[in-house]
Amino acid sequence: MTYTEIIHITEAEAEEFFTQTRLISDPPSGLAALVSWETGSDQLTILMVWSDASGRGDFSAERVMPLLESGKIPAGKPERIHPVHLLVRDGQTAVFS
């Protein structure tokens, strides 16, 4: 089963989240896709698609919770959406800007 989370945060919070969790520089196991887009003045929506619950749980326990507890990233509750259907074609990359 595929799991998704949607987070609504400011651009500054997103940059801090990406940097502190190494979400982009060292993607965690189980992260199938990450998409973010602007949703208004200084606001972003981040969609994370996880291929399994254990990968998402490990990411949270190892990277997110220590940062939340230390106050280095803002607390927030992600939206979870089920079911999700995801198609990723092997060997192809799409870049949107």
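Every number in this text was worked out from the coordinates using simple rules, so none of it is lab data. Small disclaimer: the values here were computed from a predicted structure and weren't measured. With ideal geometry, Cβ positions are generated from the backbone for all residues, glycine too; neighbour counts draw on all protein chains shown.
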Looking only at segment 1-40, count every residue that is in contact (Cβ under 8 Å) with a residue 60 or more places away in the chain, under 18 Å from SER54 (Cβ atoms), buried (at least 16 other Cβ atoms within 10 Å of the Cβ) and not hydroxyl-bearing (Ser, Thr, Tyr) and tell me the total. 1
Per the filter on segment 1-32, residues closer than 14 Å to PHE59 by Cα and in a strand (DSSP E or B) are TYR3, THR4, GLU5, LEU31, ALA32
Filter segment 42-74 down to residues that are touching a Lys or Arg at 6+ places or on another chain (Cβ under 9 Å) and farther than 15 Å from TYR3 by Cβ and give me whichever is surrounded by the fewest Cβ atoms within 10 Å (Cβ to Cβ). PRO66
